[in-house]
Structures are given as structure tokens and as C-alpha cells.
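> Below is the structure I would like to discuss, written out as C-alpha cells.
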Amino acid sequence: MMRYIQTFFIFLLLFLNLIGCKQQEEQIGDYLEAFSHVDAHSLLSPLRFVNIAHRGGSGYAPEHTIFAYEIGEQLNSDYIEIDLQMTKDGHLVAMHDSDVSRTTNGVGKVKDYTLEELKQLDAGSWFYDKHPHYFQAEFIGATVPTLEEIFNTFGQHANYYIETKTPEMYPDMVHTLIETLESYGFTDPVLPDGKIIIQSFSKDSLLEIHKLAPDIPLIQLLKLDKKAKLSKNELDKIKTYATGIGINYKALTKNMVHDILQAGLLIHPYTVNDKKDMERLLNWGVDGMFTDYPDRLNEVINNKHHK
Ligand code: G3P
Ligand code: CA
């Protein structure tokens, strides 16, 4: 009798497993269907996972300096992430904050500096206090790079994930950005899909870009608290102008990942620096991650593939 009961439960488990697999296959099928218009070789393909060097390899070098971007490349990230601010005389520069005081030896707003004045600031020495063990003497005196300098340094072989920061402070930011991209040939349709991605927390900024350059893929950044939910209606609205969503990984749940993917949107959580979090998010099926440590993310990806 015991043996019959055991056999019954084994068959029951196999049956339930089969149903589970079938459902999973159907879900994956739906998801791939939503992206059927995207070339599988594109950086935007849901079959391609992307490693985004957040502010460069900013765990190892002062954020948004050429040093940080170089380290990001050396650590085999797919994208250089750049936050944009704008100087008084209209130059786009890479800096996260609209105020220079956290990451340079200056004080005040970027918008009140000319480029020449901004270039006098030391954007590297502060890193010693944050990460003394990764500090290198060459960081002292690093300058704030312009977007053009970054393009001149890393050229067309690199991929750029650019954020319009506080665009409400800079009415000309979007125009200047699009003009700069055009002048470097980054809006050329022969380039791989996703070579340039533009992200913003500002929906208005993304809509302005979408109007001027509808082929540039956009990522809507969201700041959500831990209990937040995204409705299907909200996701459908975002889908009208954006290719995907960038979201604080701490606010993300497995169900939210599922809903975002089902809506046909990519999902790139930020800023993930712990390997356990990276593993969990990979298992949930996210399409890429922002990290200060691209080498850690590559290790997690490689380990997963070798299992
Ligand atoms: O762009 C994704 C992520 O970088 C957003 O956060 O504040 O680091 O720009 P933040
Ligand atoms: Ca950013």
C-alpha cells in the first residue's frame, strides 16, 4: 500500500512540474512576442543582458571622470553611463549632481560655471576619502569631462547610456544633446540598435527627445519606494515613448519584473553592487543592471552560465 501511495505522489509531482513548465514556456513565449520587432543582435534584444558601468567603473575611480570610464571599459561593461549637467556657456558635462561640491573641490552650481572655470576644479581627489584602498595618485587633478571629450576618447566602438539630469534647469539641454549626437554620427541608422540610450527621471525630457529624434531608444527612470506597484495602465503609457524602465532595485519584486517584461518593456535596475542582489535579479529575468562594479556583475553572469 505504501508503495502505491509513494508512486501516486511521484506521478502527481511530475504532473504539477509539467504544468508549471508549460505555463513558464507560455509566459516566455508572450514576452518574446512583445519584442519580436527587435533584432536579436541588438543591444536592446531581450535575449541580450547588458552590464552598465554606473558613472563609469565608479567603485574603483572617481565617478564621471575619464579614469572611471576607462576602468568601466577594462572591466568589460557594455555601456558607459553618463549623467549630464550643463555649464553657463552651454557645454554638456558629465556630473551627477547639479552642485559641484560633492565631487570636486569647488562650490556652487554647475550652471553658474563657464566650462573654463569648471575645468579648473579637481574632480579626483575627493575619491580618497571614499575609497582610500582604490585611490591612485593619478586621480589627483582629474577634470570634469565634457560629453564631446568622452566621445572623442571612447569613439564609436563604445556604447553610451546618457541621462538628462535636472533638465528643468537647462532649457537647451535636449537640443544640445541631440545636436552633439548628430555631429558624432550617433543618430546614424546603420549603427547597432541601442548604441546610444537616453534615460531620464523626467518624462517631459524624454518626450521632448522622442519628438526630436524618435529613433533614439529611451529609458524611463523611476524612483519607487518599497511598497510601490506599477499598474498595467502606467506601463502601457510608458511604452508609447520608451523602450524600457530603469528602476531602483530595492523597490523591485519578482511580480513587477514579470509585469514590466509582459508589457514589452526592458528592465534595467539601478544601482546593484552586491553579488547576492545581482544573482536574484538575474534569476528574475531583468535585461541588464547598472553597477559601480562591472567585474562583479560579469562574475555573477559567468557563474550562472557555468552552473
Ligand atoms: O541612471 C540610473 C541611475 O544612475 C539613476 O540613479 O542617481 O545614480 O543617476 P543616479
Ligand atoms: Ca544616472
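> What residue among VAL107, VAL93, VAL174 shows peak mean-square fluctuation when the chain is described by a Gaussian network model with Cα springs under 10 Å?
VAL107
> Considering only protein heavy atoms and a 1.4 Å probe, what is the carbon-and-sulfur percentage of the accessible area of the chain?
C and S fraction of accessible area: 54 percent.
> Please check: in the Gaussian network model of the chain (C-alpha springs, under 10 Å), which one of ASP112, ASP129, ASP99 has the largest mean-square fluctuation.
So, out of ASP112, ASP129, ASP99, the one fluctuating most is ASP129.
> Per-residue ellipticity at 222 nm for the chain, helices alone: DSSP H runs ≥ 4 residues times -39500 (n - 2.57), over residue total, nearest 500 deg cm²/dmol?
Helix-only estimate at 222 nm: -11500 deg cm²/dmol.
> I need the peptides 180-191, 146-157 ranked by packing, meaning the mean over residues of other C-beta atoms within 10 angstrom, with the highest value on top.
Per-residue mean Cβ counts within 10 Å order the peptides as 146-157, 180-191.
> Distance between Cα centroids, segment 45-66 to segment 280-296: provide it in whole Å.
Spelled out, the Cα-based centre of one part sits 11 Å from the other.
> If you don't mind, there's one more thing I want to ask. Roughly what % antiparallel, to the nearest 5, for the DSSP beta bridges in segment 53-265?
Around 25 percent antiparallel, to the nearest 5.
> Can you give me the relative contact order of the chain as a percent, contacts being Cα pairs under 8 Å and 6 or more apart?
Once divided by the residue count of the chain, the mean separation gives 18 percent.
> While we're on this one: Quick check for you: with a 1.4 Å probe and neighbouring chains kept, what is the accessible area per residue of the chain, in Å²?
51
> Apply 1/(1 + (r/R0)^6) to the Cβ-Cβ distance of ARG280 and ARG48, taking R0 = 25 Å, and write down the FRET efficiency to the nearest 0.05.
Approximately 0.80, to the nearest 0.05.
> Turning to a different aspect of this structure: For the chain, set up a Gaussian network in which alpha carbons nearer than 10 Å are linked by springs, and say which option among SER58, SER101, SER205 fluctuates the most.
Result for the chain, Cα springs under 10 Å: SER101 fluctuates most.
> Probe 1.4 Å, all protein chains in place: accessible area of PHE67 in Å², nearest 10?
50
> Still on this structure, I have one more. Given the C-alpha centroids of segment 113-128 and segment 195-215, what is the distance between them in whole angstrom?
If we compute the Cα centre of each part, the gap is 28 Å.
The values are calculated or read from the model by the stated rules, or taken from the named source; none is laboratory data. All of these numbers come straight from a predicted model, not from anything done at the bench. Positions of Cβ are generated from backbone atoms using ideal geometry, with glycine treated the same way; all protein chains shown enter the neighbour counts. Heads up: the accessible areas ignore ligands, DNA and RNA and are worked out on the full protein's heavy atoms, side chains in. Shrake-Rupley method; radii C 1.70, N 1.55, O 1.52, S 1.80 Å.
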